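Undergrad: One structure coming up, written as structure tokens, with questions to follow.
The values are calculated or read from the model by the stated rules, or taken from the named source; none is laboratory data. All values reported here derive from a predicted model rather than from experimental measurement. Positions of Cβ are backbone-derived with ideal geometry, glycine not excepted, and every protein chain shown enters the neighbour counts. For the accessible areas, the whole protein counts, side chains as well, though only heavy atoms, and no ligand, DNA or RNA atoms are used. Shrake-Rupley method; radii C 1.70, N 1.55, O 1.52, S 1.80 Å.
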Amino acid sequence: MSKKTEPIPGTSDFFPEETIQWQYLEGKAHSVFSRYSIGEIRTPVFERTDVFLRSIGDQTDIVQKEMYTFKDRGDRSLTLRPEGTAGVLRAIANKGLSQGDEQRVYYIGPMFRGERPSAGRKRQFHQIGVEYVGKVSPEIDAECIILLLDYLESIGLTDTKLLINTRGISGDRERISGTMSDYYKPHIDTMCEDCRRRYDTNIWRILDCKNEGCKTITQNAPSMIDLISETSRIYFDSVCEILKYTGIQYQIDPQLVRGLDYYVHTVFEVVSNNIGAQDAIAGGGRYEILNPGQKHPLIGVGFAMGVERLLLAKNANKSDLGKGICVDIYIVSLGRPALQKNFDLASSLRKQGFRVLMDLENRGMKAQMRTANKVNAKITLIRGQSELDDGIILLKNMNDSSQIKVQFDEITAALKPFFNRS
Ligand code: HAM
């Protein structure tokens, strides 16, 4: 039976044992992306609904079934962002980007989709994403993919597969749709209800269908690469060539179209073998997005990774991302006068960069030592009235339980051998 204190299905609470892993992934994002001269952008978690409608596409699953849309008190239709790209592009359009200029940004934050929750599929999930906006070329697409793989390598995730495909230019669309329509026509009555609707509204979405029967039919569908124009083909070949020269392994997946309508040309996904059905840990591609009220679309390329799925893949890898909050020094105070004095000691040690936890309850020695053990403290510093009188403190190495007396003003030097600090 579900408890009233449980979070809404598809959302989660994250405690320090988990957030330490999130901080690790976020820290790597800050350091890897800055090496590519990419700065962070923060945009609102909700936007006017039309920011998402046109860019993501009104026939996509996201817009049709998954958006959290509500009216505010001013009767405006607002939506919790289901992904990051549309809002980031809205922000860049609002700030203004001159023709030929570019803006490269990354973002980290929660996204919201009303999907059926399962392992790796949440209603509030988190993305780390990158957008290269304003300039496009096969070289920029390739750098974006290289950056994604560079990040994954930095967190030790190398057991993955890069899938890549092209959707061609918008001019190719009509021809491709026509060929697909001819192919699916004899099968459509046997396909799922969604695909029957997609056949009339947005036939490309059929390629994305997860229904087993529809997937079997799609397996023999004409390949996008055979249908695109010469221009699109040259573009795609150039992207693949750079990846090849860089020694990047990839697999062309002719069925990869991605679930958002703003893509043109290159699309890609990184999948992991060991996280179950929701195996995409990252996805992206080149896009054109027309913002409400703007005459020209903004162009760019980017990707987003799902933080929950990165962690699933990391943990399946049995890699160690951190063991919760670590304590370097636990301070035991015996009696109120020692407790009062130890506030100053804790402050001074924290200023020196140690992670310090101190008993604040004036408990007995045993209870305090139990906590010191529980939090895995490396060192315990113990001070009671007699230590105060003698100007000393007891330093206990929790590893081997050895204990020494240290002159109070020599603590820093005494701690040095236990911590590998410069
Ligand atoms: P997306 O493929 O919809 O692309 O999402 C990117 C990643 O977010 C997925 O590969 C997955 O790891 C994670 N993700 C998506 N939905 C969920 C969910 N319900 N629960 C958990 N994780 C999820 C985009 O969002 C595009 N904006 C990516 C992009 C950026 N394209 C160009 N620039």
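Undergrad: Kindly state which helices (runs of 4 or more DSSP H) lie completely within region 165-223 and contain at least 3 residues that are basic (Lys, Arg).
TA: Ranges flagged: 193-201.
Undergrad: Suppose we keep only residues that are modelled with pLDDT of 90 or more and open to solvent by 70 Å² or more (accessible area, probe 1.4 Å) within region 173-196. Which one would you say is farthest from the chain's Cα centre (by Cα)?
TA: The extreme case among them is PRO186.
Undergrad: Is it the case that region 267-278 has a residue that's away from the ligand (no atom under 15 Å from the Cβ) and surrounded by fewer than 16 Cβ atoms within 10 Å (Cβ to Cβ)?
TA: No, because not a single residue in region 267-278 is away from the ligand (no atom under 15 Å from the Cβ) and surrounded by fewer than 16 Cβ atoms within 10 Å (Cβ to Cβ).
Undergrad: Taking interchain pairs and intrachain pairs at least six residues apart, which have beta carbon atoms under 9 angstrom, with the first residue in region 369-383 and assigned by TED's automatic domain parsing to the domain that holds SER347 and under 18 Å from ARG355 (Cβ atoms) and the second charged (D, E, K, R) and open to solvent by less than 30 Å² (accessible area, probe 1.4 Å)?
TA: THR371/ASP359; ALA372/ASP359; ALA377/ASP328; LYS378/ASP328; ILE379/ASP328
Undergrad: Filter region 284-308 down to residues that are within 9 Å of the ligand (Cβ to nearest atom) and either open to solvent by 10 Å² or more (accessible area, probe 1.4 Å) or modelled with pLDDT under 95 (or both), then give me how many there are.
TA: Qualifying residue count for the region: 4.
Undergrad: Please indicate, with yes or no, whether at least one residue in region 19-28 is away from the ligand (no atom under 12 Å from the Cβ), in a loop (DSSP other than H, G, I, E, B), more than 24 Å from ASP261 (Cα to Cα) and hydrophobic (A, V, I, L, M, F, W, C).
TA: Checking region 19-28: not a single residue is away from the ligand (no atom under 12 Å from the Cβ), in a loop (DSSP other than H, G, I, E, B), more than 24 Å from ASP261 (Cα to Cα) and hydrophobic (A, V, I, L, M, F, W, C).
Undergrad: For a quick check of your reading: which helices (runs of 4 or more DSSP H) sit entirely within region 352-422 and have at least 3 residues that are exposed (fewer than 15 other Cβ atoms within 10 Å of the Cβ)?
TA: Once the helices (runs of 4 or more DSSP H) in region 352-422 are filtered for at least 3 residues that are exposed (fewer than 15 other Cβ atoms within 10 Å of the Cβ), what remains is 365-374, 385-390.
Undergrad: A further question on this structure: What are the residue pairs meeting all of these: first residue in region 1-29, first residue more than 13 Å from LEU310 (Cβ to Cβ) and open to solvent by less than 40 Å² (accessible area, probe 1.4 Å), second residue within 16 Å of the ligand (Cβ to nearest atom) and not basic (Lys, Arg), Cβ atoms under 7 Å, and 6 or more apart or on different chains?
TA: The qualifying pairs are GLY10/PRO117; GLY10/GLN124.
Undergrad: Among the residues of region 54-73, are any open to solvent by 40 Å² or more (accessible area, probe 1.4 Å), in contact with a Pro (Cβ under 9 Å, 6 or more places away or on another chain) and not in a strand (DSSP E or B)?
TA: yes
Undergrad: Hey, does region 245-264 have a residue that's among the small types (Gly, Ala, Ser), free of Cβ contacts under 8 Å to residues at least 40 places away in the same chain and not in a helix (DSSP H, G or I)?
TA: Yes, region 245-264 contains a residue that is among the small types (Gly, Ala, Ser), free of Cβ contacts under 8 Å to residues at least 40 places away in the same chain and not in a helix (DSSP H, G or I).
Undergrad: Go through (1) within 16 Å of the ligand (Cβ to nearest atom); (2) of a type in the set (Lys, Arg); (3) open to solvent by 50 Å² or more (accessible area, probe 1.4 Å) and name the single condition LYS341 misses.
TA: Of everything listed in (1) within 16 Å of the ligand (Cβ to nearest atom); (2) of a type in the set (Lys, Arg); (3) open to solvent by 50 Å² or more (accessible area, probe 1.4 Å), LYS341 misses just condition (1).
Undergrad: Same structure, new question: What are the pairs, 6+ residues apart or on separate chains, where a residue within region 142-163 that is under 21 Å from HIS30 (Cβ atoms) and in the same structural domain as LEU25 (by TED's automatic domain parsing) has its Cβ under 7 Å from a residue that is part of a helix (DSSP H, G or I) and open to solvent by 20 Å² or more (accessible area, probe 1.4 Å)?
TA: Cβ pairs passing all conditions: TYR151/LYS28; SER154/LYS28; ILE155/LYS28.
Undergrad: Which one of these is free of Cβ contacts under 8 Å to residues at least 40 places away in the same chain and within 15 Å of the ligand (Cβ to nearest atom): ARG104, ARG54, ARG81?
TA: Residue meeting the stated conditions: ARG81.
Undergrad: I'd like the full set of residues that are outside any loop (DSSP other than H, G, I, E, B) and buried (at least 20 other Cβ atoms within 10 Å of the Cβ), limited to region 76-90. Steps first, answer last, please.
TA: Our first condition is that a residue be outside any loop (DSSP other than H, G, I, E, B); within region 76-90, this holds for 77-80, 85-90.
The answer is THR79, LEU80, THR85, ALA86, GLY87, VAL88, LEU89, ARG90.
Undergrad: Test ALA93 against the stated conditions and say whether it is part of a helix (DSSP H, G or I), away from the ligand (no atom under 13 Å from the Cβ) and touching a strand residue (DSSP E or B) at 6+ places or on another chain (Cβ under 7 Å).
TA: yes
Undergrad: In region 322-332, is there at least one residue being within 16 Å of the ligand (Cβ to nearest atom), in contact with an Asp or Glu (Cβ under 6 Å, 6 or more places away or on another chain), open to solvent by less than 10 Å² (accessible area, probe 1.4 Å) and not in a helix (DSSP H, G or I)?
TA: no
Undergrad: Can you pull out the residues in region 109-128 that are of a type in the set (Lys, Arg), assigned to a loop (DSSP other than H, G, I, E, B) and near the ligand (Cβ under 8 Å from one of its atoms)?
TA: Result: ARG113, LYS122, ARG123.
Undergrad: Determine, yes or no, whether GLY276 is on the phi > 0 side of the Ramachandran plot and in contact (Cβ under 8 Å) with a residue 40 or more places away in the chain.
TA: It is true that GLY276 is on the phi > 0 side of the Ramachandran plot and in contact (Cβ under 8 Å) with a residue 40 or more places away in the chain.
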